[in-house]
Amino acid sequence: MKYTKAIDIWALTPEQRKQLQIGQWVLAGGAKGQWLGQKASGSDVAVWHHKGIQGWKAKVSTLRAYAKNWS
């Protein structure tokens, strides 16, 4: 699957969000982040990017595990 430009996730249905590729850049209310998945319960998981973020890789890893393993 190929990544596209940042996608406004507020404009997508839950089914469309479920189909997003992990790592896809997303927008929500002007904030930019990376999509990490959707839990079995339907909760969306993304990590939001901002200047000066510390421990980006650790946050992505932790949130990806959260999206993938727990319902």
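For the range 13-44, a residue qualifies if it is under 13 Å from the mean Cα position of the chain (by Cα) and aliphatic (A, V, I, L, M), and the qualifying residues are 20, 22, 26, 27, 28, 31, 36. Please name all residue pairs, on different chains or six or more residues apart, with Cβ atoms under 8 Å, provided the first residue is in the range 1-26 and is without any contact (Cβ under 8 Å) to a residue 24 or more places away in the chain and under 14 Å from residue 49 (Cβ atoms) and the second residue is basic (Lys, Arg) and surrounded by 11 or more Cβ atoms within 10 Å (Cβ to Cβ). That search, which allows pairs on different chains as well, returns 25/32; 26/32. Within the range 8-48, the set of residues being within 14 Å of residue 68 (Cβ to Cβ), of a type outside the set (Phe, Trp, Tyr) and not in a loop (DSSP other than H, G, I, E, B) comprises 18, 36, 37, 38, 44, 45, 46, 47. Among the candidates 51, 5, the residue that is open to solvent by 60 Å² or more (accessible area, probe 1.4 Å), at pLDDT 90 or above, of a type outside the set (Val, Ile, Thr) and part of a loop (DSSP other than H, G, I, E, B) is uniquely 5. Please indicate, with yes or no, whether at least one residue in the range 59-69 is at pLDDT 75 or above and more than 13 Å from the chain's Cα centre (by Cα). Within the range 59-69, none of the residues are at pLDDT 75 or above and more than 13 Å from the chain's Cα centre (by Cα).
The values are calculated or read from the model by the stated rules, or taken from the named source; none is laboratory data. Since this is a predicted model, take the numbers as computed values, not measurements. All Cβ positions, glycine included, derive from the backbone under ideal geometry; neighbour counts span all protein chains shown. Keep in mind that these areas ignore ligands, DNA and RNA; they rest on the heavy atoms of the full protein, side chains included. Shrake-Rupley method; radii C 1.70, N 1.55, O 1.52, S 1.80 Å.
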